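This report refers to the structure that appears directly beneath it.
The values are calculated or read from the model by the stated rules, or taken from the named source; none is laboratory data. Quick caveat: nothing in here was measured; it's all calculated off a predicted structure. Cβ placement follows ideal geometry from the backbone for every residue including glycine, while neighbour counts extend to all protein chains displayed.
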Amino acid sequence: MEDILLNMKPARDYLVCVDSDGCAFDNMELKQKECFCPATVNVWGLQNVSRYAREAAEFVNLYSKTRGMNRFPALVRTLELLGARKEARERGYVCPDLTPLKKWIAETDSLSAKGIREYAAAHGGDMDPVLATTARWSAEVDENVERIVHGVAPLPGVKEAFAEISRFADIVIVSAASHEAVVREWSAQGLLEHITVVAGQELGSKKDCIRKAMTGRYAPDHVLMVGDAPGDHDAAGSNGVQFYPIIPGREVESWARLRGEAIERFRDGTYAGAYVDGILAEFDAVLREEPNW
């Protein structure tokens, strides 16, 4: 698809990038538990260890510091955690050799199913069996999402916050979900009114999307990333811009604080320092490094 970020025309002096799943929408649990986990169990043949596969997937994608990671690195982490778990090994599970998948992740510019197909075409046309299974898994996830995820309203305060932010800043959606899914979900809720560009996984990592959106357009201290995951924080830090966390489990409070005080601090230059450090400490405390099994 056309890289709309490279052709974006700024209308304001500030830029606010916003994540979608788990940030503007409280849909992470729905997607992970009802769409991703069933596809992982089905496509990767984990029926005999489904309980432990679900626990591993939910830890990786919801409750740990890898929350919000792109689906493909998260899949690797999930299968490897499952392979390291005693109970799963006792039931015969052996983690497959994920070397081809890791190699693709390291080399691709597009962590998407389309990226897998393009990678295979560039390497002789024959897709490695592990990559083929990954592509089939990703397609099943997308089918589940399209079938199951609908009618999810934005978190309370989101629409009001966008209306206020849009008075002085352009707003770009930066998501690891597919562009089609983000547009469908945001359009259904009438949320695209104040949005400048929607950037899904097809346009690159969140780090790359922020860089492409801001370069040559906005000063770094005029850019803010809003997200619910450590990866969002890392993407902001890699570009030298500020980050505001939507804290898992405290989403409504987080949006109220963004609208009530953080946005104005960002605009008047008093956001960085002790103020945001205190919020980041709250954010860091809610996600774990290692599982408790």
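Only residues in the stretch 93-106 that are buried (at least 17 other Cβ atoms within 10 Å of the Cβ) count as the first member; pair them with residues that are part of a loop (DSSP other than H, G, I, E, B), Cβ under 7 angstrom, at least 6 apart or cross-chain, and list the lot.
PRO100/ASP128; ILE105/LEU111
Any residue at all in the stretch 63-74 that is among the β-branched types (Val, Ile, Thr) and either more than 30 Å from PRO245 (Cα to Cα) or outside any helix (DSSP H, G or I) (or both)?
yes
Can you name the residue in the stretch 34-53 that is in contact with a Lys or Arg (Cβ under 8 Å, 6 or more places away or on another chain) and either crowded, with 20+ Cβ neighbours inside 10 Å or hydroxyl-bearing (Ser, Thr, Tyr) (or both) and, of all such residues, is farthest from GLY249 (Cα to Cα)?
Filtering the stretch 34-53 for residues that are in contact with a Lys or Arg (Cβ under 8 Å, 6 or more places away or on another chain) and either crowded, with 20+ Cβ neighbours inside 10 Å or hydroxyl-bearing (Ser, Thr, Tyr) (or both), the one farthest from GLY249 (Cα to Cα) comes out as VAL49.
For the stretch 107-125, give me each residue that is among the hydroxyl-bearing types (Ser, Thr, Tyr) and either assigned to a loop (DSSP other than H, G, I, E, B) or in contact (Cβ under 8 Å) with a residue 24 or more places away in the chain (or both).
Within the stretch 107-125, THR108, SER110, SER112 meet the criteria.
With respect to ALA135, determine if the residue is outside the structural domain of PRO245 (by TED's automatic domain parsing) and buried (at least 17 other Cβ atoms within 10 Å of the Cβ).
Yes; evaluated as a whole, the condition is true for this residue.
Pull out all pairs, ordered by first then second residue, where Cβ-Cβ is under 7 Å, the residues are six or more apart or on different chains, the first lies in the stretch 68-79 and is in the same structural domain as ALA113 (by TED's automatic domain parsing), and the second is charged (D, E, K, R) and assigned to a helix (DSSP H, G or I).
Partner pairs satisfying both residue conditions: GLY68/ASP232; VAL76/LYS102.
Within the stretch 1-33, restricting attention to residues that are charged (D, E, K, R) and surrounded by 15 or more Cβ atoms within 10 Å (Cβ to Cβ), which residue is nearest to MET214 (Cα to Cα)?
Filtering first and then ranking leaves ARG12.
ILE173 passes all but one of (1) under 30 Å from ARG217 (Cβ atoms); (2) in a loop (DSSP other than H, G, I, E, B); which number fails?
The number of the failed condition is (2).
Pairs needed: first member in the stretch 243-267, surrounded by fewer than 17 Cβ atoms within 10 Å (Cβ to Cβ); second member anywhere, β-branched (Val, Ile, Thr); C-beta distance under 8 Å; at least 6 residues apart or different chains.
Hits for this filter: GLY249/VAL286; ARG250/VAL286; GLU253/ILE247.
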